[in-house]
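The values are calculated or read from the model by the stated rules, or taken from the named source; none is laboratory data. All of these numbers come straight from a predicted model, not from anything done at the bench. FYI the Cβ positions are ideal-geometry reconstructions off the backbone, even for glycines, and counts take in every protein chain you see. Accessible surface is based on the protein model in full, side chains and every heavy atom, while ligands, DNA and RNA are left aside. Shrake-Rupley method; radii C 1.70, N 1.55, O 1.52, S 1.80 Å.
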Amino acid sequence: MKRRVFEIISRAEEGDKASHIFDISIMALIFLSILAIILQSFENLSMSYGGVFHAFEVVTVTVFTVEYLLRIWTADLLYPEAKHPRLKYVLSFMAIIDLLAILPFYLPFVAADFRFLRMVRLLRLFRLLRVFKLGRYFDALSVIVEVLRESAAQLVISVVLCLFVMLFSAIIMYTVENPVQPEQFPNVIASLWWAICTLTTVGYGDVYPVTTVGRFFASVISLVGIGIIAIPTGIIAGGFSSAISKRGTDQEAAKQYCPYCGHKLDP
């Protein structure tokens, strides 16, 4: 029985009708759950159909909870070589997403303290994480996760570089503009707002330099910002290109072997 449950929830066989129905049902439930969150933001709909929304939330959380527990139950089949397969699954990215998606529903039952309940209202935003559950059912989302994981070191370096340039720009603008605009550039931390808006090419225009030297540095910083912001984009684009190429190569290699016995096929 456990093996069959594992095959259904883990898409073990591509032609498995039960697994296909399960996937479609979970995806539909995720989309409807996100739609319900959006509709609840309209006060008139929330007041008129509050009971319907609550009942749907109960059904949704119940299904997601059962799915979460079943995945923990069958974790030893997913990680047959792991010493503690259930712990390994619980600590995995998708399992954490599953838990955060249902946790806000159960937290009010833990404590009745008013301040705690106010915090729970904020934590209900985690329901939006249900959209990430779709990563199990769309290969494109799994590619994104794979690219971000493999490019993590480069992305961290690029973010650190961006932060350094922002801080350096804020110090320069504070030094140049503070004597003329003490209200707009009162300190380095406040000047970071201008640096962030400029380097990200947003440029709200609420804070801007008025001195000649300040405008010169602002022009240089704006040009540097174009290159700085492009670095993470280039890293992610390169990662996508490599991941897609790698998957194409793996698929071609898989065609050379029998899907049933695993022996290499004769050309």
When the residues of segment 1-49 are narrowed to those that are outside any helix (DSSP H, G or I) and closer than 17 Å to residue 66 by Cβ, which ends up farthest from the chain's Cα centre (by Cα)? 1
Hits in segment 166-180 (condition: in contact with a Gly (Cβ under 8 Å, 6 or more places away or on another chain) and open to solvent by less than 30 Å² (accessible area, probe 1.4 Å)): 173, 177
Selection over segment 206-241 where residues are of a type outside the set (Gly, Ala, Ser) and either buried (at least 17 other Cβ atoms within 10 Å of the Cβ) or under 26 Å from residue 151 (Cβ atoms) (or both) yields a count of 16
Say whether the condition of being of a type outside the set (Val, Ile, Thr), more than 30 Å from residue 180 (Cβ to Cβ) and modelled with pLDDT under 60 is met by at least one residue in segment 217-238. no
Mind checking which residues of segment 181-205 are more than 14 Å from residue 220 (Cα to Cα), open to solvent by less than 80 Å² (accessible area, probe 1.4 Å) and not in a helix (DSSP H, G or I)? 181, 182, 184, 185, 186, 187, 202, 203, 205
Meets criteria (farther than 17 Å from residue 104 by Cβ, open to solvent by 90 Å² or more (accessible area, probe 1.4 Å) and of a type outside the set (Phe, Trp, Tyr)) for residue 26: no
Quick check on residue 52: is it out of contact with any helix residue (DSSP H, G or I) (no Cβ under 8 Å at 6 or more places or on another chain), assigned to a helix (DSSP H, G or I) and either among the hydrophobic types (A, V, I, L, M, F, W, C) or open to solvent by 70 Å² or more (accessible area, probe 1.4 Å) (or both)? yes
Options 19, 46; residue that is small (Gly, Ala, Ser), free of Cβ contacts under 8 Å to residues at least 24 places away in the same chain, more than 23 Å from residue 145 (Cβ to Cβ) and out of contact with any Phe, Trp or Tyr (no Cβ under 6 Å at 6 or more places or on another chain): 46
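Rundown of residues vs (1) of a type outside the set (A, V, I, L, M); (2) open to solvent by 70 Å² or more (accessible area, probe 1.4 Å); (3) modelled with pLDDT of 70 or more, yes/no style:
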position	(1), (2), (3)
70	no, no, yes
81	yes, yes, yes
90	no, no, yes
98	yes, no, yes
105	yes, no, yes
109	yes, yes, yes
113	yes, yes, no
117	no, no, no
124	yes, yes, no
